[in-house]
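First up is the structure itself, then whatever we jot down about it.
A short reminder: the numbers here are calculations on the coordinates, not readings from a lab. These figures come from a predicted structure and were not determined experimentally. Here the Cβ positions follow ideal geometry from the backbone for every residue, glycine too, while neighbour counts run over all protein chains shown.
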Amino acid sequence: MAVPLFSDDLRNLIVAILETSDDGGLRLPPELIGGVRPHAKFELEVLGDILLLRPADSDRPFWRQATSQQRAEAFQRWADAPRPPAPDLTDESLRRENLYD
């Protein structure tokens with residue numbers, strides 16, 4: 001059950017106290033999340049002891065929607081991909097006094 005504590009019209013901020021169910025779930029009453037369509041997807045971000053809930057964007061970048069395993073696999077594919085040809089750096093170009101030229 002949610003108990004709204006206050007609402008700030010300037011920022012549309014609503015603070016409520018929520019209670020977890022017997023199985024540890026957290027239910028958000030419809031009046032707290034507004035006119036959201038059924039089966040809408042949300043992204044949950046955990047910042048320490050703060051839970052931030054925002055509508056999931058269908059155009060989210062890969063790094064936001066992929067699991068850590070998927071990101072690691074994508075990085076490995078990138079690392080293993082052939083590199084385009086590039087000229088070698090000469091020993092002279094790697095000398096300390098020439099690095100900033």
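What to note about this one:
- Identified option (computed Rg and Dmax of the Cα atoms in Å; candidates (i) 23.5, 79; (ii) 24.6, 71; (iii) 22.1, 70): (ii)
- Nearest 10 degrees, 0 to 90: helix 68-80 Cα axis against the chain principal axis: 20 degrees
- Distance (nanometres) between label positions extended 7 Å along Cα→Cβ at Arg64 and Ile17: 3.4 nm
- When peptides 26-36, 40-50, 77-87 are ranked by their average number of other Cβ atoms within 10 Å per residue, the highest-first order is 26-36, 40-50, 77-87.
- Computed from backbone phi with θ = phi - 60° and the Karplus coefficients 6.51, -1.76 and 1.60, the 3J(HN,Hα) list for segment 44-51 is 10, 10, 9, 10, x, 9, 9, 9 Hz; x is used for glycine and proline.
- Sequence-distant residues sharing a close amide H with Glu43 (under 5 Å, placed H): Arg54, Ala56
- With 0.36 nm allotted per residue and the present C-alpha distance subtracted, the Leu89-Leu32 stretch has 14.5 nm of extension available.
- In this structure, the amide hydrogen of Ala16, modeled 1.01 Å from its nitrogen in the peptide plane, lies closer than 5 angstrom to those of Leu5, counting only residues at least 5 positions away or on a different chain.
- Working note: Karplus 6.51/-1.76/1.60 with θ = phi - 60° gives segment 28-39 the couplings 9, x, x, 5, 7, 9, x, x, 8, 5, x, 6 Hz, where Gly and Pro are set to x.
- Cβ charges +1 (Lys, Arg) and -1 (Asp, Glu), total dipole of the chain, debye: 300 debye
- Förster radius 30 Å - calculated FRET efficiency between Arg96 and Phe75 (Cβ-Cβ, nearest 0.05): 0.45
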